[in-house]
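The values are calculated or read from the model by the stated rules, or taken from the named source; none is laboratory data. Not measured: the values here are computed from a predicted model. Don't worry about glycine lacking a Cβ; one is built from the backbone with ideal geometry, like all the others, and counts go over all protein chains shown. The protein model used for the area step is the full one, side chains on, heavy atoms only, and it has no ligands, DNA or RNA in it. Shrake-Rupley method; radii C 1.70, N 1.55, O 1.52, S 1.80 Å.
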Amino acid sequence: MMDCTKWLCLLFCVVLLLLKAESSYVPITFVQNAVTKGAVCLDGSAPAYHLDRGFGEGINNWLVQFEGGGWCNNVTTCLSRKNGRLGSSKKMAKQIAFSGILNNRRIFNPDFYNWNRVKIRYCDGSSFTGDKEEVNPTTQLHFRGARVFAAVMQDLLTKGMKNARNAIISGCSAGGLTSILHCDRFRALLPAGAKVKCLSDAGYFINTRDVSGTQHIEQFFSQIVATHGSVKNLPPSCTSRLSPGLCFFPQYLVSQIKTPIFFVNAAYDSWQIKNILAPGVADPEGHWHSCKLDINNCSPDQLELMQGFRAQFLRALTVLGNSPSKGMFIDSCYAHCQTEMQETWFRTDSPLLNKTTIAKAVGDWFFERKTFRQIDCPYPCNPSCHNRVFEPENQPEKNVTTKGTSSDASRRNPNPWFPKLSNKGQWMVVLRIKQLIISGLLPTMVVLAIL
């Protein structure tokens, strides 16, 4: 009889093979000539991206996705990023998995699988808006996000993007904000006859008060803009009317975007609930701690406040008007970033609105097969949601100065049985085991016997 360890190894191998089948690994490309232009990461290293070439009918189509990873709002928080992958390309993984909207298999990504798919790494801390010439000799911090955007775009244009027939700029979280802020700029780089659209995933951050009645997020965004010298790279249609810090919030500028754009967002976005509605600084006694880890732990009073947040989020969306060029998939999940991960992008158990997956909604909208502007009913009405559950050791900071992407938010240890696998890998394995049980492909008793 096979002992527990052998059973566990077998289970791990099976799940790992299934996960590998749902993604591909793409090597990194460093834009070395960008350094001479001053287009560098926080630490002065070269910017980078991952490119998986298109094929067949998609050879002249481009999907350019910006990595998320929060922001740094002052010298202290930028120094804390400088020596990690969010501040230095020297610390970035040499290859990363492409899944979800970046997947190269039709069964997992029906409309964009054969496009040129690009993941631009994030290492400036300003959603690619910063541009300060001076470099402090003590900190050696470089605030050059806008230059990084320009340099990477130029490199991609020389690699074929200048001939694009169809193109999308997308991103998750801080990358989703990047796709909003740079939407029209991206469109201007490509041929006039090309179909160019933008996609923001979990990038619609709203300006609202937290549970203490303070607008900490407004102050935080203003500090980002000031620290990085971002004002010159924010839409003039906004900065001519409002203070620069407000022009970091989509609600104040999206009505002026001319390029078609689609918004994928959870009305109860887990990062915004944790860091805008109930940041640690507004909850010193930790009353929201358990609720922020798992929405099932929220009290009736907390859920009522979250419903109020949803109402404010939906009000912030009204500036989009009724134009079909501005699509939306606003679900009622407790989630953050849903286009990058296969289980939320396109699979049999993916979140649905009007019986439609995110992948189908985005594809229909881009190719103009049909318009898509759907807003979900209030929580907990949608059983197809993949609500995030966070581990206590990964609780949010007591301020709004740091945040993670979908991969960062998964930096927890959901299962100690795979200690040599990364925390994100462990989380994906455990999630996949759960999905296999639900689908009936893996007997529950086998898992219980092992775990």
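Would you pick out the residues in region 123-145 that are within 10 Å of HIS228 (Cα to Cα), open to solvent by 10 Å² or more (accessible area, probe 1.4 Å) and in contact with an Asp or Glu (Cβ under 9 Å, 6 or more places away or on another chain)? HIS142, PHE143, ARG144, listed by residue number.
Here's the yes/no breakdown for (1) within 26 Å of GLN215 (Cβ to Cβ); (2) in contact with a Phe, Trp or Tyr (Cβ under 6 Å, 6 or more places away or on another chain); (3) part of a loop (DSSP other than H, G, I, E, B):
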{"position": "HIS287", "(1), (2), (3)": "yes, no, yes"}
{"position": "CYS291", "(1), (2), (3)": "yes, no, no"}
{"position": "LEU314", "(1), (2), (3)": "yes, no, no"}
{"position": "VAL319", "(1), (2), (3)": "yes, no, no"}
{"position": "ASN322", "(1), (2), (3)": "no, no, yes"}
{"position": "ILE330", "(1), (2), (3)": "yes, no, no"}
{"position": "ALA335", "(1), (2), (3)": "yes, no, yes"}
{"position": "GLN338", "(1), (2), (3)": "no, no, yes"}
{"position": "ASP349", "(1), (2), (3)": "no, no, yes"}
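Every residue, every condition in (1) within 17 Å of GLN65 (Cα to Cα); (2) free of Cβ contacts under 8 Å to residues at least 12 places away in the same chain; (3) not hydroxyl-bearing (Ser, Thr, Tyr), yes or no:
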{"position": "SER99", "(1), (2), (3)": "yes, no, no"}
{"position": "ASN109", "(1), (2), (3)": "yes, no, yes"}
{"position": "TYR122", "(1), (2), (3)": "yes, no, no"}
{"position": "SER127", "(1), (2), (3)": "yes, no, no"}
{"position": "GLU133", "(1), (2), (3)": "no, no, yes"}
{"position": "THR138", "(1), (2), (3)": "no, yes, no"}
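Only one entry in LYS119, LYS94 is within 22 Å of THR178 (Cα to Cα) and either open to solvent by 40 Å² or more (accessible area, probe 1.4 Å) or of a type in the set (Lys, Arg) (or both), namely LYS119. Within region 286-298, residues that are open to solvent by less than 20 Å² (accessible area, probe 1.4 Å) reach partners that are charged (D, E, K, R) with beta carbons closer than 7 Å, at six or more positions or on different chains, in the pairs LYS292/LYS274.
Here ARG315 clears all of (1) open to solvent by less than 50 Å² (accessible area, probe 1.4 Å); (2) at negative phi; (3) not hydroxyl-bearing (Ser, Thr, Tyr) except the condition numbered (1). Scanning region 203-249 for residues that are among the small types (Gly, Ala, Ser), closer than 26 Å to ALA39 by Cβ and open to solvent by less than 50 Å² (accessible area, probe 1.4 Å) yields a total of 6. Within region 364-379, residues that are in a loop (DSSP other than H, G, I, E, B) have Cβ atoms under 9 Å from residues that are among the basic types (Lys, Arg) and at pLDDT 95 or above in these pairs: PHE367/LYS195; GLU368/LYS195; PHE372/LYS360; PRO378/ARG310; TYR379/ARG310, counting only partners at least 6 apart in sequence or on another chain. The residue list ASN207, ASN116 contains one member that is in contact with an Asp or Glu (Cβ under 9 Å, 6 or more places away or on another chain) and within 30 Å of PRO279 (Cα to Cα), which is ASN207. Among the strands (runs of 3 or more DSSP E) confined to region 40-117, the ones with at least 2 residues that are under 20 Å from ALA167 (Cβ atoms) are located at 48-52, 61-66. Of the listed requirements (1) acidic (Asp, Glu); (2) touching a Leu at 6+ places or on another chain (Cβ under 9 Å); (3) part of a loop (DSSP other than H, G, I, E, B), GLU343 misses just one: (3).
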